[in-house]
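Just below is one structure, and these are the notes that go with it.
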Amino acid sequence: VQLQASGGGLVQAGGSLRLSCSGSGRTFSAYAMGWFRQTPGKERDFVATINWSGTYGDAADSVKGRFTISRDNAKRTVYLQMNSLKPEDTAVYYCAINSGSRSGSAAASDYDIWGQGTQVTVSS
């Protein structure tokens, strides 16, 4: 499975963006997926996760109520809807697959396949 993230860009504080992560491979729908973000010099932080069927999702406290993760297995795509963006949301956002589990996880070490990242910049 390979992942391709898209949808990043420059947006003003309070604005919205929707990130997409498209996967190749027939087994895309069998795996839990997650979104993480990283700023220079810092570790990759958990943003949101979703189980294989899309029936369960979770998000970091810092984004709860603003970000929503969803997936469309028929399109082999996972989405991250980001609303009420803040300057501190600025980061490179990565999508990832946990090929060892169908359940979501907040631990980056549980994910073994990563996309290339997409830059999100929120101006104040």
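The values are calculated or read from the model by the stated rules, or taken from the named source; none is laboratory data. Every value quoted in this text rests on a predicted model; they were computed, and no experiment measured them. Here the Cβ is made from the backbone with ideal geometry for all residues, glycine too, and neighbour counts use every protein chain on show. For the accessible areas, the whole protein counts, side chains as well, though only heavy atoms, and no ligand, DNA or RNA atoms are used. Shrake-Rupley method; radii C 1.70, N 1.55, O 1.52, S 1.80 Å.
Listing for the model above:
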{"item": "Residue-count net charge about residue 93 - beta-carbon cut-off 15 Å; Lys, Arg +1, Asp, Glu -1", "result": "+2"}
{"item": "Angstrom value of the Kirkwood radius, inverse mean 1/r, which spans all Cα pairs in segment 71-124", "result": "13.0 Å"}
{"item": "Solvent-accessible heavy-atom area per residue, rounded to whole Å², over the chain at 1.4 Å", "result": "50 Å²"}
{"item": "Solvent accessible area, Å² - residue 124, 1.4 Å probe, full protein context", "result": "130 Å²"}
{"item": "For segment 97-109, 3J(HN,Hα) per residue [Karplus equation, 6.51 cos²θ - 1.76 cosθ + 1.60, θ = phi - 60°, Hz, x = Gly/Pro]", "result": "10, 9, 6, x, 8, 9, 8, x, 8, 9, 8, 4, 5"}
{"item": "Protection proxy ranking, peptides 78-86, 7-15, 112-120, average beta carbon neighbours within 10 Å, highest first", "result": "78-86, 112-120, 7-15"}
{"item": "Cut-off 11 Å between beta-carbons: net charge of the residues surrounding residue 53, Lys and Arg +1, Asp and Glu -1", "result": "+2"}
{"item": "Largest to smallest principal axis extent of the C-alpha atoms in the chain, angstrom", "result": "41, 28, 23"}
{"item": "Charge-dipole axis of segment 1-81 as Lys and Arg at +1 and Asp and Glu at -1 on Cβ define it, positive-most pick from 81, 23, 40", "result": "23"}
{"item": "Accessible carbon and sulfur surface of the chain relative to its total accessible area, %, 1.4 Å", "result": "45 percent"}
{"item": "Stretchable slack from residue 124 to residue 74, in nm (0.36 nm times residue separation minus alpha-carbon distance)", "result": "14.3 nm"}
